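Each value in this text was obtained by applying a stated rule to the coordinates, not by laboratory testing. Remember, it's a predicted structure, so these values are computed and weren't measured experimentally. In this analysis, Cβ positions are derived from the backbone assuming ideal geometry, glycine residues included, and neighbour counts consider all displayed protein chains.
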Amino acid sequence: MRRALSLVRRRLLGAIPVLALVIVGTFTLLEFAPGDAVDAYLGATGGDRGLVDQLRRDWGLDQGPLQRLGLYVAALARLDLGWSVAFSKPVLTVILERLPNTLLLMGAAIALAFGLGSLLGVVAGSRPGSATDRALSIGSLALYAIPGFWLGLVLIIVFAVQLRWLPSGGIETIASGLGGLARAGDIARHLVLPVSALGLLYLALYLRMMRTSMAEVWRQDFARAALARGVPRRRVLWRHVARNALLPLVTMLGLQAATMLGGSVVIESVFAVPGLGRLAHEAVAQRDTPLLLGIILVGALVVILVNLAVDVAYAALDPRVGSGKETAA
Amino acid sequence: MARFDVFAARGMSRRTVLGAGGLAAASALLPAGALAQQSPRSGGRLIVAADSEPRNLNPAIVASNGVFFVSSKVVEPLAEADFGTPDGLAPRLALSWTGSADGRSATFTLRPNVTWHDGKPFTSADVAFSAMEVWKKLQNLGRVVFADLESVDTPDPLTAVFRFAKPTPFQLIRNALPALTAVLPKHLYEGTDINANKANAAPVGTGPFRWGESRPGEYTRLVRNPSYWSAGQPYLDEIVYRVLPDRAAASGALEAGEIQLAAFSMVPLADLARIAKVPGLDVITRGYEALTYQLVVEVNHRKPELADVRVRRAISHAIDRDFVARTIFVGFAATSSGPVPRNDPQFYDAAAQVPAFDPARANALLDEAGFKRGANGMRFKLRLLPAPFFNETRQFGAYLRQALAAVGIEADLVNNDSAAHTKAVYTDRAFDLAVGSPVYRGDPAISTTILVQGGLPPGVPFSNQGGYQSATMDALIAKAATTIDEAQRTALYREFQQLVVTDLPLINVAEWGFTSVASNKLRNVTSNPRWAVSNWADVWLAP
């Protein structure tokens, strides 16, 4: 337990310079983008010189970039994420409205990709080179090659427009007045298509990795020895081969969490899911620096936490990890 | 009626269904009158596609179609545009309006027995407050039109008299009524920071629908106002604006029957022919007659080559406007002949015609101006910045680059997003040619003359960003701005059109309204020329 806690503390301390770098980097990048929040606002509405000056003053954009960065960091030190001019609300409120949707979508999609991917990977890797293996590999590669928005639109046309089994988008039925389990069921129905679209895209990655990793483990001495000892093939497959082959996948899971946050911009747009990816897109279009910084900070935090969880899971899966000190003592 | 119809010339019927066969075509051929004769049915929820969520929903501060689309159902103007009446207006919060002979005052008689959504009575004090504190001081368009408004007298609760410091044409005030005069409740705004008032995000008005709630990124809901001044209306129980950022997904939602309306061409033009064949869906081009957008080549007159009128004429000659209307807009646009669109019955002057497509003439003019073709066949090079506001503005940018190359002008295409485009063109003026999409709002003085008027400060979007300076033009604009006599004023704006097509401060290419795709159960979807941004009190859903 103490080991886990010290790991968590080390990771969180290590995250601080990473987050600082993320803040300065993002701020600088947005400074280089031509036009500011006032330009973005006027592009949609028009206005005159007086309005332009007044908005720049009101939104604090009449100050230099260094001053604004200083103010932002000072506010952040007080755990204040600032004010979003694009939504006229505190940044934290805007993000917290959307975060649950993205976490739900991302969590379910990763679970689908990881669960189904590794399971099919085991099927393919149980007899590498077999016809089943070939078919699964080709099928998953084809899915991997499909652009996300296209897969999303095809799912909408088939399951929402033609068959009318599922809703074409949104996170839940509008103003349905549902509560409790009925509402959860409604949200689940709305998530089927976006989760499938997002999950299927990444399924191939886990499937291929599991299969390759298993093909390697089969050739290792302990696996061959187990088979030679007469241990049933099924038992070798699950206890020895699959379990060992799973380790690189868990590493991959941590890396994927970041990709999924980005990948969901497209899926969130196609399925009209109000999540962080779409919010980030709007923040850039509106040049809303505090909002974008807030999203990136929250995103970075999510990725750090997921990786932490992955490390803990790793330790549980592989007794060799981190055990050296304790056994020596 | 036909006088408004941009598309009549292109052979489209009132309620157009493209290439449809069988049942769909039969329903399209039903005269609109037959539909109107069915008696309206109360009840039902209308779900509408929305592609953006304006942060400020106060139409008195932000007079833009994106805001009106939602807020016009809640907050009403003094009058709305109308197909039938002589001055093109139907009463809303004002019952009648008259201008004085000297142009110094305008008197409005207001509708009695109107209450705000919070139960307080609507009076002339609300109109006076909105005019003096909001339209004149804060509104993007009102700051120009109401600049000379000195005071608003309220002799009784149902009369408002506008007093102007300088003679102000009543024709202009009238034409500005639908878009510029949304009335706010004084009791909620007085003494507060109007720009930061919380009613800007959840408006309170007198309209047929009250504010329901908003879930950012998901939907905005308006609910029926049971005490609306027009008895029996509105018919719908609620209107839900469902946020659908992806246009292809919006088509899907229409086909799946999850939404009943996608307005403002949310369904891409290229998809209309297909979607018109879907049973139960109609493609509609009417209802946008007073919301005309203009496709314009904006010229930076600081560039020496473009300061020569022969070069500007050559550019106009290089553009095949028929091609643009037919191919880029797939027929859903009319060619432009000048700065006032063809569908404006008051001001359009058919005698003013921009230089038409004639590449040979363009080449001759450029040779004459002294810009000979170089070794690579090109005469000179310029930066071309298409506005990102519509697919069509970007596509026209690509077309213009080719059209210019054909006459020996090399254009570097620079595609920016909205914020970057606004900064490059309107603040930095870092462009030579830009493609813009100004809105024509029923009177050249509202937002059209400002495009070519000299002496304006920098950083103002949709004004004279090209730096065009002409004493003749400025004198003409100034004279028209204070001419009270309507015939004289109209004649001056005809002169203005002549001057624009001769001197070409900017080059008009095409003009378009939008299209709606609606469920055929939805009735009264084209009942006025600003339908999409009007109050929808008469809209109903058939079973």
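Couple of notes before you dig in:
- Take every Cα pair under 8 Å whose residues are at least 6 apart in sequence, average their separation, divide by the length of the range B:79-196, and the relative contact order is 27 percent.
- For the range A:1-102: rounded, prolate or oblate by the Cα gyration tensor [a/c cutoff 1.5]: prolate
- Projected-area mean, chain A, by convex hull of Cα positions, square nanometres: 23.3 nm²
- Signed unit charges on C-beta, dipole axis of the protein assembly as shown, positive-most listed residue B:Gln171, B:Leu400, B:Asn300: B:Leu400
- A quarter of the convex hull surface defined by the alpha-carbon atoms of the protein assembly as shown gives 44.4 nm² as the mean projection.
- Principal-axis analysis of the Cα atoms of chain B puts helix B:486-503 at an angle of about 40° to the longest axis.
- Burial ordering of B:Ser130, B:Ser316, fewest other beta-carbon atoms within 10 Å first: B:Ser316, B:Ser130
- Nearest 10 degrees, 0 to 90: helix B:391-406 Cα axis against chain B principal axis: 10 degrees
- Within chain A, longest stretch free of exposed trypsin sites (Lys or Arg not before Pro) [DSSP loop, at most 13 other beta carbons within 10 Å]: A:230-319
- Long hydrophobic helices in chain A, taken as whole DSSP H segments with a C-alpha length of 30 Å or more on their own axis and mean Kyte-Doolittle hydropathy at least 1.6: A:91-126, A:289-317.
- Within a straight-line Cα-Cα reach of under 17 Å, B:Lys381 can be paired with the following lysines, leaving aside sequence neighbours fewer than 8 residues apart in one chain: B:Lys303, B:Lys372.
- Seen against the Cα atoms of chain B and their longest principal axis, helix B:471-481 is set at about 10 degrees.
- Sequence-distant contacts, meaning Cα pairs under 8 Å at least 6 residues apart, place the relative contact order of chain A at 26 percent.
- Residue exposure proxy: B:Val161, B:Val152, A:Val91, ordered by other Cβ atoms within 10 angstrom of their Cβ from fewest to most, comes out as B:Val161, B:Val152, A:Val91.
- Kirkwood-type radius of the range B:79-196, with distances r between different C-alpha atoms, in Å: 14.5 Å
- For B:Lys136, the lysines whose Cα comes closer than 17 Å to its Cα, not counting residues fewer than 8 places off in the same chain, are B:Lys166, B:Lys186.
- For chain B, adding -39500 (n - 2.57) for each run of n ≥ 4 DSSP H residues and dividing by the number of residues yields -7000 deg cm²/dmol at 222 nm.
- Toward the positive end of the charge dipole of the protein assembly as shown, with +1 on the Cβ of Lys and Arg and -1 on the Cβ of Asp and Glu, the farthest Cα among A:Ser168, B:Leu188, B:Leu149 is that of A:Ser168.
- Sorted by Cβ density within 10 Å, fewest first, the residues A:Leu200, A:Leu42, A:Leu69: A:Leu69, A:Leu200, A:Leu42
- Values of log10 I(q)/I(0) for the range B:292-512 across q = 0.09, 0.11, 0.16 Å⁻¹ run -0.33, -0.50, -1.09, by the Debye formula with one identical scatterer at each alpha carbon and no solvent.
- Within chain A, helix-based [θ] at 222 nm, where runs of 4 or more DSSP H residues each add -39,500 (n - 2.57), nearest 500: -25000 deg cm²/dmol
- Normalised contact order of chain B, rounded percent, pairs of Cα under 8 Å and 6 or more residues apart: 22 percent
- The Kirkwood radius of chain B, taken over pairs of alpha-carbon atoms, gives through the Stokes-Einstein law at 20 °C and 1.002 mPa s a diffusion coefficient of 88 µm² s⁻¹.
- Lysines with Cα under 30 Å of B:Lys521, excluding same-chain neighbours fewer than 8 positions away: B:Lys73, B:Lys277
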